[in-house]
Amino acid sequence: MDWDYQQILQEIEKDKENIKNAASLEQFRVKYLGKKGLVAQMYASLAKATQEQKPIIGKKSNEIKKAITSFFNEKKALIQKQEKNQKRVSVDVTMPGVAPELGHAHILTQTVNDICAIFEALGFVVQEGPEIETEFNNFDALNIPGDHPSRDGFDTFYVDAQDKSAQGRNLLLRSQTSPVQIRVMKAYEPPLAVVVPGKVYRPDAVDASHSFMFHQIEGLLVDKDIKFSDLKGLLQVFCQKLFGQDIKMRFRPHFFPFTEPSAEVDISCYICKGKGCSVCGKNGWLEIMGCGMVHPQVFEAVGYKRGKYTGLAFGLGVERIAMLKYGIHDIRIFFDNDNRFLNQF
Ligand code: DAH
């Protein structure tokens with residue numbers, strides 16, 4: 001059989017030009033290199049070829065196979081690259097992007113920051129203390145006697161101390177931020193003014209108004225000649241800054257072991273403006289914190305010289321303040337981690 005090499009080469013060139021994509025390249029490969037392709041046919045024709053034709057057919061078919069194989073490989077790489085580029089170009093840059101969700105401070109963190117900022121502007125310094133405390137700092141030093149019900153195992157989480165060095169000093173999860181008063185007074189000589197935000201723990205059954213963990217902010221101001229009127233003036237300013245200028249504040253006599261005299265602080269109900277509604281239990285006032293003048297026993301426990309200093313102290317619950325300020329009726333919602341709630345603040 002005689003092959004028209006001239007014509008074969010022309011046809012190959014023409015076919016090459018028609019290759020536009022991976023599919024037409026594959027057609028091209030099958031036509032020339034496939035099982036029944038041209039090269040295979042040329043090899044097959046060797047059987048019937050004459051002695052003179054054989055070497056020529058052999059040589060030409062090898063040449064064609066080699067040329068087409070290398071063309072195919074090059075072209076394949078090129079097409080793959082083009083298709084990849086095309087994919088990149090086909091991104092619609094005008095389409096709105098997926099914005100990463102922006103986080104923000106938790107409502108309780110915001111409330112802590114707001115409250116601390118008010119006191120910082122008045123010269124107080126923010127201090128923190130450990131959540132695992134000694135029984136001494138949490139109770140004894142605060143003049144809370146050994147038989148006080150709050151010291152019962154049902155009202156305080158005691159920690160089993162593995163640490164031998166803690167022997168004789170029972171450890172507990174602090175039930176109030178007041179022990180930080182003791183730490184601060186032991187570390188610094190007055191004048192001092194601190195606010196102490198932090199978590200506290202009590203084994204209360206969880207319901208709409210109780211949680212086994214919540215947040216408090218403690219305040220302590222100690223100097224020579226601090227008076228009860230300083231306490232009342234300070235908290236009056238605080239209440240108005242946090243709840244608005246129109247809010248009224250009152251002191252109600254109360255008892256805390258670590259202050260004398262002691263008071264509970266009420267603000268006029270922000271909803272009914274003191275007229276009486278369901279939030280304030282129809283009496284027009286909302287209790288928001290405890291306070292008093294630092295008890296001489298507490299000064300004694302930290303080693304201050306008797307009669308040298310006087311001081312004021314106060315403590316408030318952060319969740320309660322946030323619930324009042326934002327009209328939240330269930331404390332558990334702060335800790336559910338539900339963005340539908342958290343993103344409102
Ligand atoms: N520690 C008190 C409590 O958890 C709150 C408190 C009341 C703190 C009066 C004070 C204070 O510093 O003077 O109920």
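The values are calculated or read from the model by the stated rules, or taken from the named source; none is laboratory data. Since this is a predicted model, take the numbers as computed values, not measurements. Every residue, glycine among them, receives a Cβ derived from its backbone with ideal geometry; neighbour counts consider all protein chains shown.
Screening Ile271 on (1) β-branched (Val, Ile, Thr); (2) assigned to a strand (DSSP E or B); (3) modelled with pLDDT under 95 shows it passes everything except condition (2). Among the residues of region 312-323, those that are more than 11 Å from the ligand (Cβ to nearest atom) and touching a Leu at 6+ places or on another chain (Cβ under 8 Å) comprise Val318, Glu319, Ile321, Ala322. Taken together, the criteria exclude Glu120 from residues that are under 37 Å from the mean Cα position of the chain (by Cα) and either of a type in the set (A, V, I, L, M) or not in a helix (DSSP H, G or I) (or both).
I'd like the residue in region 78-117 that is of a type in the set (S, T, N, Q) and part of a loop (DSSP other than H, G, I, E, B) and, out of all such residues, is surrounded by the most Cβ atoms within 10 Å (Cβ to Cβ). Among those residues, the one meeting the criterion is Ser90. Picking from residues in region 217-269 that are of a type in the set (Phe, Trp, Tyr) and more than 20 Å from Ala121 (Cα to Cα), the one that is nearest to the ligand (Cβ to nearest atom) is Phe256.
Taking region 15-66 as the range and being among the polar types (S, T, N, Q), loosely packed, with under 12 Cβ neighbours inside 10 Å and either closer than 27 Å to Asn85 by Cβ or under 60 Å from the mean Cα position of the chain (by Cα) (or both) as the test, the residues that pass are Asn18, Asn21. Selection of region 276-311 for residues being under 24 Å from Phe238 (Cβ atoms), assigned to a loop (DSSP other than H, G, I, E, B) and away from the ligand (no atom under 15 Å from the Cβ) yields Cys277, Val279, Cys280, Gly281, Asn283, Gly284, Tyr309.
Being within 37 Å of the chain's Cα centre (by Cα) and not hydrophobic (A, V, I, L, M, F, W, C) is not true of Thr69. Of the residues Arg332, Arg320, the single one that is assigned to a helix (DSSP H, G or I), within 30 Å of Tyr188 (Cβ to Cβ) and within 33 Å of the chain's Cα centre (by Cα) is Arg320.
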